[in-house]
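Asks: Input: one structure, supplied below.
The values are calculated or read from the model by the stated rules, or taken from the named source; none is laboratory data. Keep in mind the model is a prediction, meaning the values are calculated, not measured. Note that we place each Cβ from the backbone using ideal geometry, even for glycine, and neighbour counts take in every protein chain shown. Protein only, heavy atoms only, side chains kept; ligands, DNA and RNA dropped before computing areas. Shrake-Rupley method; radii C 1.70, N 1.55, O 1.52, S 1.80 Å.
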Amino acid sequence: MRWDFASVFDNTDALLVGAAGTLRIFAICLVLGLSLGLIVGLGRYSRNRWLHIPATIFVEFFRNTPVLVQILWFYFALPILLPFQISPLAAASLGISLNSAAFSAEIYRGGIQSIETGQWDGARALGMRWGQAMRRIILPQALKRMLPALTNRAIEIFKMSTLASAVAYVELLQQGKLIASLNYNPIEAYTAVAVIFFVFLWPLVQFSYFLERRLRRDE
Amino acid sequence: MAYQWDFSPVLANAPLLVEGLVNTLRITGTALAFGVALGLGLALLRLSPRRFLSWPAGFVIEVFRTTPPLVQLFWFFFALPILVGIEMTPFVAGAVTFSIQSASFFAEVFRAGIQSIERGQWDGARALGMRHDQAMRRIILPQAVKRMIPAFMERAIELMKTTTLIATISYADLLFAANEVSQKTFRPLETYTVVALIYFVVIFLASQVARLVELRLARSGESTVH
């Protein structure tokens, strides 16, 4: 068996299209997942039952089901209830974003709870309302503690983006499949895809290690 | 026009779904058994002071933690068989992928657990005349394992969710059965909803057990590592 990557390099265009697709869905899910997660996390933190219970159900449901099942549900099942079709990108983004929202909600909640009550008391003593105290005093401090966990979430989202290939969304793995089936070179094609993912993710992983070390040192 | 839900075609295919669930548990159990054993091996190698042992172990752990599991699965299913000239069934490909993938995560759990044991335990073991491996086996690991249990169960639950990927290479797990039943009955909404609920019930119960165990360990004064 001889390795021959020439057949992969000939298809650089296809891989670039795939990389663009991967980055697009990653960006969408990162923004949607982490911002929705903050809202759900605040709901989980709230003492108001009407916020707390729905947020808890959301978190428990999306944390305790596989994300691939969620994506397929949005792709095959949801359109039946809607008057329109759902694109592969929309279905995969919905599944990954909601799943990430549920996981990041717990990060936000944990981060907010880790801030000492004295900070709340101080903010209140200065005449701040709840929303002001949260925005100006609590969240900025909590974010620093949450940063390593949120970076890990981003890494997970990047890896999860490959699941979009299950609904034929054009991303890196999907393009790898295409190249492998056109050129009969699965070894080179899938090795190339694995290496590309490693190259994208390795710096991110090192960055998360750096953040973790810095946090441990600072606290 | 409101959609008329009808679960009876799905219920009529319950045996297929049950078989799928059994297969899901089979692949999870297989990958868990190999993953934990391999993970311990990788952790011990990585903690070794000898570089030619710790570096390869570190490399395997980093690669499998850093690349998407679906890419790994495709590699083991489509590429490896050609490379080594063997037949690969979807089950074997999944078992190999998920074993190594979860092992690299278990290795980090083991490592954190072993490193959380105070130096004094090592010193004490050495003072009693134990060699490194004796101290590790008799003194360090038994204490470390107890602290690792919560992180362990969390990883096991993650593993179960990851096994759904095996449906993409046509192993008849629960998700694959869902696909089949929905095509047979033309009822994707009901089928996928039922299957999502089955996953939820199984994984939620496992999570609750993990939470209970963690609470008990916390009460018995054992700190936990994640």
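Asks: Would you work out which of B:116, B:167, B:28 lies farthest towards the positive end of the dipole of the stretch B:8-219? Charges go on Cβ: Lys and Arg +1, Asp and Glu -1.
Replies: With unit charges placed on the Cβ atoms, the residue in question is B:116.
Asks: Also, I was wondering about something else. Shape of the stretch B:35-143 from its Cα gyration tensor (a ≥ b ≥ c, root eigenvalues): rounded if a/c is under 1.5, otherwise prolate when a/b > b/c, or oblate?
Replies: Here the stretch B:35-143 falls in the prolate category.
Asks: Within 10 Å of each candidate Cβ there may be at most 14 other Cβ atoms; applying that plus a DSSP loop requirement, which GluC sites (Glu not before Pro) in the stretch B:80-124 survive?
Replies: Here the GluC sites (Glu not before Pro) that fit, given the DSSP loop and packing criteria, are B:87, B:118.
Asks: Choose one answer from B:109, B:195, B:36: the residue with the largest mean-square fluctuation in a GNM of chain B with alpha-carbon springs under 10 Å.
Replies: Among B:109, B:195, B:36, the largest mean-square fluctuation in the Gaussian network model of chain B belongs to B:195.
Asks: For the stretch B:144-226, which chymotrypsin sites (Phe, Trp or Tyr not before Pro) pass both filters: DSSP loop (anything but H, G, I, E, B) and at most 16 other C-beta atoms within 10 Å?
Replies: Answer in residue order: B:186.
Asks: Could I ask something else about it? Taking only the C-alpha atoms, wrap a convex hull around chain A and report its volume per residue in Å³ as a whole number.
Replies: 151 Å³
Asks: Using helices alone, what [θ] at 222 nm do you get for chain B, with -39,500 (n - 2.57) per DSSP H run of 4 or more residues, divided over all residues and rounded to the nearest 500?
Replies: -25000 deg cm²/dmol
Asks: Compute, for residue B:92, the solvent-accessible surface of its heavy atoms (probe 1.4 Å) with the complete set of protein chains present, and express it in square angstrom to the nearest 10.
Replies: My reading of the accessible area for residue B:92 is about 60 Å².
Asks: Mean shadow of the stretch B:96-226, computed from the convex hull of its alpha carbons, in nm²?
Replies: Seen from a random direction, the Cα hull of the stretch B:96-226 projects 9.8 nm² on average.
Asks: Relative to the longest principal Cα axis of chain A, at what angle does helix A:49-63 sit, 0 to 90 degrees, rounded to 10?
Replies: Roughly 30 degrees between the two axes.
Asks: What does the accessible area of residue B:146 come to, in Å² to the nearest 10, when a probe of 1.4 Å is used?
Replies: Accessible area of residue B:146: about 80 Å².
Asks: Can you tell me the orientation of helix B:14-47 relative to chain B, as the angle in degrees between its alpha-carbon axis and the longest Cα principal axis, to the nearest 10?
Replies: That helix lies at roughly 20 degrees to the long axis.
Asks: Hey, got the Cα dimensions of the stretch B:8-219 along the principal axes, in Å, largest first?
Replies: 70, 49, 23
Asks: If you find the alpha carbon centre of the stretch B:42-92 and of the stretch A:104-178, how far apart are they in angstrom?
Replies: First find each Cα centre; the distance between them is then 31 Å.
Asks: How big is the accessible area of residue A:52 in square angstrom, nearest 10, if you roll a 1.4 angstrom probe over the protein chains?
Replies: That residue has around 60 Å² of solvent-accessible surface.
Asks: How long are the semi-axes of the ellipsoid equivalent to the protein assembly as shown, from square roots of 5 times the Cα gyration tensor eigenvalues, in whole Å, largest first?
Replies: Ellipsoid semi-axes (Å, largest first): 35, 32, 23.
Asks: I would also like to ask the following. Where does helix B:174-185 land angle-wise versus the long Cα axis of chain B, in degrees 0 to 90, nearest 10?
Replies: Helix B:174-185 sits at roughly 0 degrees to that axis.
Asks: Right, another one. Let me know the charge dipole size of the protein assembly as shown about its Cα centre in debye, to the nearest 20, where only the beta-carbon of Lys, Arg (+1) and Asp, Glu (-1) is charged.
Replies: 1680 debye
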